[in-house]
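The values are calculated or read from the model by the stated rules, or taken from the named source; none is laboratory data. Just so you know, these numbers come straight off a predicted model, no measurement behind them. Cβ placement follows ideal geometry from the backbone for every residue including glycine, while neighbour counts extend to all protein chains displayed. The area values use the complete protein model at the heavy-atom level, side chains included, leaving out ligands, DNA and RNA. Shrake-Rupley method; radii C 1.70, N 1.55, O 1.52, S 1.80 Å.
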Amino acid sequence: MYFQPTSVEEVREVLALARQQNKRVKVVGGGHSPSDIACTDGFMIHMGKMNRVLKVDTEKKQVTVEAGILLADLHPQLDKHGLALSNLGAVSDVTAGGVIGSGTHNTGIKHGILATQVLDNLDSHLKKSEYFRFLWFPHSENVSVIYQDHTNKPPSSSANWFWDYAIGFYLLEFLLWISTFLPGLVGWINRFFFWLLFNGKKENCNLSHKIFTYECRFKQHVQDWAIPREKTKEALLELKAMLEANPKVVAHYPVEVRFTRGDDILLSPCFQRDSCYMNIIMYRPYGKDVPRLDYWLAYETIMKKVGGRPHWAKAHNCTRKDFEKMYPAFQRFCAIREKLDPTGMFLNAYLEKVFY
Ligand SMILES: Cc1cc2nc3c(=O)[nH]c(=O)nc-3n(C[C@H](O)[C@H](O)[C@H](O)COP(=O)(O)OP(=O)(O)OC[C@H]3O[C@@H](n4cnc5c(N)ncnc54)[C@H](O)[C@@H]3O)c2cc1C
């Protein structure tokens with residue numbers, strides 16, 4: 001049997017029928033695969049009538065389509081908006097679903113297979129920009145992507161009265177203080193400041209020490225764990241799901257996600273693995289402590305689960321038992337430390353928690 005559904009509902013009906021008749025089902029796109037990957041003697045579902053362009057965001061260069069669209073039909077639609085796919089296979093009589101599903105590729109050592117163009121494109125961001133980072137605004141779908149790279153261009157002033165005269169900071173601190181009485185406001189504050197700070201594409205060219213640093217005007221609590229780089233998505237989605245499942249847990253913006261190269265330093269959080277640092281923050285408006293225990297514990301649980309190691313200089317609740325599991329060379333380091341400081345002269349309360 002051959003079907004050409006026009007909606008998700010019709011796809012469901014075909015699947016229900018297949019289940020009833022105990023048939024297997026195979027989806028087909030352009031039917032262009034030289035292998036028999038798209039073949040079946042059961043039900044064949046051709047996706048060619050689910051081929052709409054659903055959304056075009058020229059700012060983000062992001063397009064949402066139904067998977068049955070032929071690339072040949074997609075190209076002129078992209079072209080109308082000044083967009084194009086950044087790489088293609090050798091033919092266009094193939095569908096979005098087909099090329100994504102079968103690992104279609106072309107060439108260019110900086111370009112991945114076509115599936116790497118789909119949305120959460122961490123590797124290509126990391127390759128594109130030397131100092132790539134991104135910020136997630138909790139309680140929202142908003143992410144701000146930040147590329148930082150070397151340039152020979154002269155510094156350009158980025159005068160912005162709202163931030164230069166600290167009006168934005170005063171406003172944020174005041175709103176955060178109000179939200180200590182009305183925690184439900186935090187999601188709104190996060191979205192509002194995303195809009196204020198990162199509305200559209202912004203460019204800034206300045207001396208490196210001005211680009212990498214910022215004026216930290218707030219009292220705040222932070223945690224910042226290094227996790228294996230490949231766990232970034234899993235950990236972030238789990239953090240997001242935790243916040244969605246627990247609406248009473250409040251998270252200030254941003255969750256800042258940064259990346260570092262692995263090294264061979266025995267107690268480096270990046271020991272022997274490229275890492276992602278996921279920094280969470282809770283401000284203390286006018287010095288007032290905001291409840292953070294639930295957020296902190298949930299975050300730590302997720303970080304531990306994905307093999308994280310806490311930043312030595314930021315908040316954590318770990319003790320020697322934890323570090324022994326986290327650091328393969330922990331015992332080796334302890335032996336060296338004990339040899340160099342046999343009387344424990346260089347310990348303090350923090351280090352006792354780490355080493356005893
Ligand atoms: C002349 C020619 C040149 C080619 N050049 C290249 C090339 O340069 N580089 C390269 O990598 N490949 C190349 N290919 C291979 C081609 O890109 C892949 O076979 C691609 O999958 C074809 O897309 P399709 O839409 O025809 O998929 P189909 O052959 O219809 O299906 C392929 C797979 O995708 C699944 N699928 C299709 N649509 C959907 C959907 N909507 N939802 C879920 N799953 C779906 C199918 O079930 C099947 O498993 C070429 C093929 C030809 C014939």
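The table below lists the values:
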quantity	calculated
GluC sites (Glu not before Pro) within region 205-309: DSSP coil, no more than 12 neighbouring Cβ in 10 Å	Glu215
Set of aspartates and glutamates near Lys353 by C-alpha distance (under 12 Å), chain-local residues within fewer than 8 positions excluded	Asp322
Nearest-10 value in Å² for the accessible area of Cys39, using the 1.4 Å probe	80
Relative packing of peptides 49-56, 338-345 - highest average C-beta neighbours within 10 Å first	49-56, 338-345
For region 133-311: accessible area per residue (Å², 1.4 Å)	56
Loop-located GluC sites (Glu not before Pro) in region 79-178 whose Cβ has at most 15 other Cβ within 10 Å (DSSP)	Glu130, Glu141
Kirkwood-based shape ratio for region 1-118, expressed as Rg/Rh from alpha carbons	1.01
Assigned charges on the beta-carbon of Lys, Arg, Asp, Glu; region 1-116 dipole about Cα centre (debye)	220
Accessible area per residue, Å², region 21-97 with all protein chains present, probe 1.4 Å	63
Rounded percent of accessible protein surface that carbon and sulfur make up, region 1-113, 1.4 Å probe	51
Estimated dipole of the chain in Debye, rounded to 20 [Cβ of Lys and Arg +1, of Asp and Glu -1, Cα centre]	560
Taking all pairs of distinct alpha-carbon atoms in the chain, Kirkwood radius in angstrom	24.4
Beta bridge orientation in the chain: antiparallel %, DSSP, nearest 5	80
Aspartates and glutamates with Cα under 14 Å of Lys321, excluding same-chain neighbours fewer than 8 positions away	Glu352
Over region 193-259, equivalent-ellipsoid semi-axes from the Cα gyration tensor in Å	26, 17, 14
Convex hull of Cα atoms in region 133-311, direction-averaged projection (nm²)	11.2
Sequence-separation-based contact order of region 133-311, relative, with Cα cut under 8 Å and 6+ spacing, percent	29
Net charge, Pro183 excluded, C-beta distance under 12 Å - Lys, Arg +1, Asp, Glu -1	+1
Calculated from backbone phi, Karplus (6.51, -1.76, 1.60) coupling profile of region 52-60 in Hz, x at Gly/Pro	8, 8, 8, 7, 10, 10, 5, 4, 7
Cross-link reach list, lysines versus Lys55, counting only Cα pairs under 16 Å and skipping chain neighbours closer than eight places	Lys80
Residue-wise HN-Hα coupling along region 101-110, computed from phi with Karplus coefficients 6.51, -1.76, 1.60 (Hz; x: Gly, Pro)	x, 10, x, 4, 9, 10, 10, x, 5, 8
For region 70-76, Karplus couplings with θ = phi - 60° (6.51, -1.76, 1.60), whole Hz, Gly/Pro x	6, 4, 4, 7, 6, 3, x
Region 86-194: trypsin sites (Lys or Arg not before Pro) in DSSP loop, at most 10 other beta carbons within 10 Å	Lys110
Hull shadow area, averaged, region 127-224 [alpha-carbon convex hull, nm²]	7.7
Accessible area of region 279-356 belonging to carbon and sulfur atoms, whole % at 1.4 Å probe	60
